[in-house]
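Structure first, commentary second.
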Amino acid sequence: METPDPTYFCWHCSNELVFEVKMGQRDDCPHCASDLHCCKNCQLYDPGAHNSCREPTSDYVPDKEKFNFCGWFKFIVGPREGAGKVDDAKAKLEALFKRK
């Protein structure tokens, strides 16, 4: 039985990504031009962990949204849990405090 190809999504725009060849370190999202090889697209990214990474020996990366050379990078399969919650909360707050 053939296993289906994994599904990847951009951390920034949440659009699905399709790779015809292996993703390169310098590739960006075809929808929003965000860097793909970055902490926020990695399986090991965890804002609650030291250096926001579950790999204890990883180097510190100051900007989690930009390209980096981390050798531990593994693209997260499927959408990141809670990805849209921040945007939803911001929209609700803006609507609540919207001036008339």
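Residues of region 49-66 that are assigned to a loop (DSSP other than H, G, I, E, B), modelled with pLDDT of 95 or more and either in contact with an Asp or Glu (Cβ under 8 Å, 6 or more places away or on another chain) or polar (S, T, N, Q) (or both): Arg54, Glu65, Lys66. Has region 82-100 got any residue that is charged (D, E, K, R) and either surrounded by 12 or more Cβ atoms within 10 Å (Cβ to Cβ) or touching a residue at least 40 places away in the same chain (Cβ under 8 Å) (or both)? No, region 82-100 has no match at all. Tally the residues that are touching an Asp or Glu at 6+ places or on another chain (Cβ under 9 Å) and of a type in the set (A, V, I, L, M), restricting the search to region 26-48. Looking only at that region, the number is 2.
The values are calculated or read from the model by the stated rules, or taken from the named source; none is laboratory data. Everything numeric here is computed off the predicted structure, so don't read it as measured data. Ideal geometry is used to build each Cβ from the backbone, glycine not excepted, and the neighbour counts take in all protein chains shown.
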